[in-house]
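The values are calculated or read from the model by the stated rules, or taken from the named source; none is laboratory data. Computed from a predicted model, the values in this text were never measured in an experiment. Reconstructed Cβ throughout: ideal geometry from the backbone, glycine too, with neighbour counts over all protein chains shown. The protein model used for the area step is the full one, side chains on, heavy atoms only, and it has no ligands, DNA or RNA in it. Shrake-Rupley method; radii C 1.70, N 1.55, O 1.52, S 1.80 Å.
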Amino acid sequence: MEQHAFFEGKIVPFSQAKISIATHGLNYGTAAFGGLRAYWNAEEEKLLLFRPFDHYRRFLNSAKILCMEFDHTPESLTQITIELLKTDAWRQDVYIRPLAYKADPGIGVRLHDLRDEIAIFAVPFGAYGKNEDNAHVTISSWRRVDDNIIPARGKISGAYANSALIKTDAIRAGFDEALVLDQNGHLSEGTAMNVFLVRDGVLITPPVWDNILEGITRRSVIELARNELGLEVVERSIDRTEAFLCDELFLTGTAAQITVVTRVDHRPVGDGKMGAITARLRALFNDVVRGKNPKYRHWNVAVE
Ligand code: PMP
């Protein structure tokens, strides 16, 4: 049965959601996107969106950086997403991709005086990386886009050419993923995930001003670490060599969830196995996203 998409203001069969090759967003990368997950809760027979309002708030903010204005709110976009998921009656984990793009065809690079559109589609989705339990990462020779070049804070399509350069070089060199430094030489993030490390029992992650995407998973993990594990969480700049010397290292993202890193550029992280804090956070997170932790049930929005 054919799936559907939200396209030009309505839900249509997927094959009808088509754009011209002259579309501005395709030619110049003048688009912004989001990425949400909906998890299938088998006991309740319900699909649960994880923190959709937060995702759509960031999505609309990314669009705002590109001078896009919509009548939509995080609530209205969540409602459209629910309608779309109901139309296709998913009974499995799915990934939802909202895209805001400069929709006019034609030549001329700019942001103003162009029609903006929002499209949303969903795909079945399990694990993102091949090696989420013991990933080997490299530190990329590429640098992260800077806030004054293309803001990493916005999920701007054009900026993902930076992530794609980083990812492909890492994979072709035999690694699972890469960490990337910003212009100041500080650790920023992975290609589509934020980074955390544990040193002496303290959870450390780069601050929002070190050219990161302000991840929803990052925010969730910080809250869970503080409230459920009683951990000290510090947001501060991180040097490259701290990735070699830390006790635990993991990556967070909607797609990657909590991916455990056990080697950085051929050096073992800690004892080279998943650390205790990472394991506890992962177990907590896996329950929370599937709506199995009543304390955090407000982060789940049922598709009904
Ligand atoms: N950084 C980048 C560059 C990303 O693309 C993503 C994925 N959206 C993340 C971090 C993680 O963000 P989130 O937890 O909101 O998915």
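Assorted remarks:
- Options 53, 70: the member that is assigned to a helix (DSSP H, G or I) and either of a type in the set (A, V, I, L, M) or over 13 Å from the mean Cα position of the chain (by Cα) (or both): 53
- Residue selection: residue 150 satisfies the criterion of being in contact (Cβ under 8 Å) with a residue 12 or more places away in the chain and under 22 Å from residue 30 (Cα atoms).
- Subset of the range 132-152 (residues that are under 25 Å from residue 246 (Cβ atoms), open to solvent by 50 Å² or more (accessible area, probe 1.4 Å) and part of a loop (DSSP other than H, G, I, E, B)): 133, 134
- Every condition in (1) within 17 Å of the chain's Cα centre (by Cα); (2) without any contact (Cβ under 8 Å) to a residue 40 or more places away in the chain holds for residue 230 except the one numbered (1).
- Residue check, residue 280 open to solvent by 70 Å² or more (accessible area, probe 1.4 Å) and under 20 Å from residue 215 (Cβ atoms): yes
- Residues being part of a strand (DSSP E or B), of a type outside the set (Lys, Arg) and either touching a helix residue (DSSP H, G or I) at 6+ places or on another chain (Cβ under 6 Å) or farther than 17 Å from residue 225 by Cα (or both) - total across the range 249-293: 9
- Extreme residue, farthest from residue 294 (Cα to Cα), among residues of the range 33-49 that are in contact (Cβ under 8 Å) with a residue 40 or more places away in the chain and assigned to a loop (DSSP other than H, G, I, E, B): 34
- Top-ranked residue in the range 105-131 [being within 15 Å of the ligand (Cβ to nearest atom) and of a type in the set (Gly, Ala, Ser); ranked as least open to solvent (accessible area, probe 1.4 Å)]: 129
- Answer residue from the range 26-66, given it is open to solvent by less than 10 Å² (accessible area, probe 1.4 Å) and of a type in the set (Gly, Ala, Ser) and is nearest to residue 304 (Cα to Cα) among those: 38
- Within the range 171-224, restricting attention to residues that are aromatic (Phe, Trp, Tyr) and open to solvent by 10 Å² or more (accessible area, probe 1.4 Å), the residue that is farthest from the chain's Cα centre (by Cα) is 175.
- Tabulated pairs, the range 55-68, first over 17 Å from residue 114 (Cα atoms), second within 11 Å of the ligand (Cβ to nearest atom) and not in a loop (DSSP other than H, G, I, E, B), C-beta under 8 angstrom, 6+ apart or interchain: 55/36; 55/216; 58/216; 59/33
- Count of the range 231-255 residues which are within 16 Å of the ligand (Cβ to nearest atom) and surrounded by fewer than 22 Cβ atoms within 10 Å (Cβ to Cβ): 3
- Answer from 168, 138 - the residue that is within 16 Å of the ligand (Cβ to nearest atom) and farther than 28 Å from residue 70 by Cβ: 168
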